[in-house]
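Here's the structure, in structure tokens; my notes come after.
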Amino acid sequence: MPLRNVRLNGTESSADYASVGSGDSEASEQLLYWLREQHDQYGPKYACGVSQCGACTVLVDGAAVRSCTRQMHTVPEGAEVRTLDGLAGDRPHPLQRAVVSLQAGQCGFCLAGIVMGVLAWLEERIAAGDRTVPDEEEIKAFLSGTDGREGAENYICRCGAHQRIVAAIRDAAKEMVR
């Protein structure tokens, strides 16, 4: 079995992963299962299994990735992988605090993926010099995948907590852009 070494939530981690084929026909275990089964990362969730809902979103080298379809052989050796499980550190991240304080999740199943996707989006904006707080329409466009970014993907919440999720993102963004 091949071995992959990554920096998982700031810590060097490695584990074998299942792989079949080689070259153009190579296929391997999904990042989601590698994280959950080998590294006890339960933030990313299995939901649709086809990269449509966002519940499995994690960050790989700062980019939001749907881990349910991302195969391990495509994760770069030494990549920085971040999951909700490692986001808090010594204290909750602003996104986590806002989600809890505004009770943004009814069941919470979608929130790990939404938080990680929004984190990548906001960090990308800040790195590009945009320190404005996104308005409600920008956030809704991001969550629906209609914001015009290349490769934009949507995030689905089945409970209908959308207004609270949008409000939590705005609150967290205010703190993050300071």
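The values are calculated or read from the model by the stated rules, or taken from the named source; none is laboratory data. All of these numbers come straight from a predicted model, not from anything done at the bench. Counting neighbours? That spans all protein chains shown, and the Cβs are built from the backbone with ideal geometry, glycine included. The accessibility values were calculated without ligands, DNA or RNA, using every heavy atom of the protein model including side chains. Shrake-Rupley method; radii C 1.70, N 1.55, O 1.52, S 1.80 Å.
Direction-averaged shadow area of the convex hull around the Cα atoms of the chain, nm²?
For the chain, the mean projected area of the Cα convex hull comes to 10.4 nm².
When DSSP assigns beta bridges and you keep just the ones with both residues in the chain, what percent turn out antiparallel, to the nearest 5?
Percent antiparallel among DSSP bridges in the chain is about 90.
Given an 8 Å cut-off on Cα distances and at least 6 residues of separation, report the relative contact order of the stretch 60-146 as a percent.
Averaging sequence separation for qualifying contacts and normalising by length gives 29 percent for the stretch 60-146.
What is the sum of charges, Lys and Arg at +1 and Asp and Glu at -1, for the other residues whose Cβ falls under 11 Å from the Cβ of E77?
+2
Tell me the trypsin sites (Lys or Arg not before Pro) within the stretch 1-83 that lie in a loop according to DSSP and have at most 12 other beta-carbon atoms within 10 Å.
none
Nothing charged except the Cβ atoms of Lys and Arg (+1) and of Asp and Glu (-1): what's the magnitude of the dipole of the stretch 1-136 about its Cα centre? Round to the nearest 20 debye. Don't jump to the answer; show the numbers that get you there.
Values: 11 positive and 17 negative charges, 74 e Å.
The calculation lands at about 360 debye.
Mind ranking S28, S14 by accessible surface for me, highest first, 1.4 Å probe?
Working: S28 15, S14 60 Å².
Descending order: S14, S28.
Give me the percent relative contact order of the stretch 20-178, please, defined on Cα pairs under 8 angstrom at least 6 residues apart.
On the way: 240 pairs, mean separation 39.0, N = 159.
Computed over the stretch 20-178, the figure is 25 percent.
Among A98, H39, V81, flag the residue with its Cα farthest along the positive direction of the charge dipole of the chain, charges on Cβ as +1 for Lys/Arg and -1 for Asp/Glu.
A98
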